[in-house]
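The values are calculated or read from the model by the stated rules, or taken from the named source; none is laboratory data. Here the structure is a predicted model, which means the values were calculated and not measured. When we count neighbours, we look across all protein chains shown, and the Cβ atoms used for this are built from the backbone with ideal geometry, even at glycine.
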């Protein structure tokens, strides 16, 4: 097996394949991860899976434990807990990935090639042929299965011609501040009282990452010149962000929603962000990536390493959780980044629901952390929040909507805005039930690429 990409998705998938006794090679392009604004928060399910695949020493070596999230909207704060005994981890991206690769090399059950790039040559009935390139040298390699863990822009996915729905949402800038500036120790934070969400979390005992959402095309300078952007962030964190921006250039990334038409083709399979991504406000990307490794491990074992059967099963098995994750992130981003009256009512409904329902707090955290993946649960919780938003409007509890006529108008718009999300959720419920039916024993194969004539081979 060959895994292209040495991030969390690639390292975990390589370890998963090695656990099955498969000869596995991981090729990592070797980009400077200190310059990347990428996954740094592992929800408990991600911690559990990395531990199960043999990376416990990495998790113990750095980072900061996370016990849940704080959602802050002005004077209102909701503390969302993980389940009892569950802990997440905040850790700087390069401080996680470099040790993951080191552990794979030390264990010896995965061959790791650093600063190596993978290019697809062909896909035939018996496997895939690729070119491995490093420092001007290249070789042809054949493998039974190629795992594309090469990120959301995935050159391998593009070379396969897999279509996607791609929406650019915003720009994100990331800075480092002292962890003591966070209002709630040991928690991820979502500040939603400003024009767009701000995400923050500790990544060590002394440091925290803050990520500020900006409109597309914005420069980091805009945070310094337009102070309302940080209006939802309390002091002393707001000042710490401004000081950090003066001290050094922030990391910058694009926030996108990418939904793939398919997650495998022939003997090539997509995992992690290569298989789809969403806005990072739920910080669920790494948990989703390591879940992909677990699903691929399970279906390969169940299919006795029959690659076509396993990949068809993988596509079916991973879809419900990832569809729910992306739908949740899309609905939350709309609610947290819009100044429309109906979205203010939805935010008020969210806090009203949490204030009255400890169970609602736990379920919301389970959805955010991808522990709960059923679309039926998301649909139910969304409907409850909408109902509480309507009640808040009726009680005059939405500060941005004053007067009965404006409240009635905002209520009508809230219901109208909720209908597409609820339709998507209910369609997902139906699809979940269909996907739960037994899969056909022999899947329909994707059309392979042109067969290779090269003679070099590797398992």
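If the condition is being touching a residue at least 24 places away in the same chain (Cβ under 8 Å) and assigned to a helix (DSSP H, G or I), then region 291-309 contributes 291, 292, 293, 294, 296, 297, 300, 301, 307, 308, 309.
One line per residue, one yes/no per condition, for (1) in the same structural domain as residue 10 (by TED's automatic domain parsing); (2) within 21 Å of the chain's Cα centre (by Cα); (3) assigned to a strand (DSSP E or B):
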site: 25; (1), (2), (3): yes, no, yes
site: 30; (1), (2), (3): yes, no, no
site: 45; (1), (2), (3): yes, yes, no
site: 48; (1), (2), (3): yes, yes, no
site: 51; (1), (2), (3): yes, yes, no
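Which strands (runs of 3 or more DSSP E) does region 192-290 wholly contain that include 1 or more residues that are under 30 Å from residue 310 (Cβ atoms)? Outline the logic, then answer.
Values: elements: 198-202, 207-214, 251-260, 268-270.
Filter on region 192-290 gives 251-260, 268-270.
If only residues of region 100-146 that are without any contact (Cβ under 8 Å) to a residue 40 or more places away in the chain and either part of a loop (DSSP other than H, G, I, E, B) or outside the structural domain of residue 6 (by TED's automatic domain parsing) (or both) are counted, the one that is surrounded by the most Cβ atoms within 10 Å (Cβ to Cβ) is 126. Can you tell me which residues in region 364-397 are on the phi < 0 side of the Ramachandran plot and part of a loop (DSSP other than H, G, I, E, B)? Residues satisfying the conditions are 369, 371, 372, 373, 374, 395, 397. Taking the conditions (1) in contact (Cβ under 8 Å) with a residue 24 or more places away in the chain; (2) more than 28 Å from residue 319 (Cβ to Cβ) in turn, residue 402 satisfies each one other than (1). Selection over region 383-413 of residues that are under 18 Å from residue 327 (Cβ atoms) and surrounded by 21 or more Cβ atoms within 10 Å (Cβ to Cβ) gives a count of 2.
Condition check: within 30 Å of residue 129 (Cβ to Cβ) and in contact with a helix residue (DSSP H, G or I) (Cβ under 7 Å, 6 or more places away or on another chain). Does residue 303 satisfy that? Yes, satisfied.
So which residues in region 83-99 are buried (at least 22 other Cβ atoms within 10 Å of the Cβ) and in contact (Cβ under 8 Å) with a residue 60 or more places away in the chain?
Here is the first cut: in region 83-99, the residues buried (at least 22 other Cβ atoms within 10 Å of the Cβ) are 88-91, 93, 96-97.
Of everything in region 83-99, those that are buried (at least 22 other Cβ atoms within 10 Å of the Cβ) and in contact (Cβ under 8 Å) with a residue 60 or more places away in the chain turn out to be 88, 90, 91, 93, 96, 97.
Taking (1) in contact with a strand residue (DSSP E or B) (Cβ under 7 Å, 6 or more places away or on another chain); (2) under 26 Å from residue 421 (Cα atoms); (3) at pLDDT 95 or above in turn, residue 281 satisfies each apart from (3).
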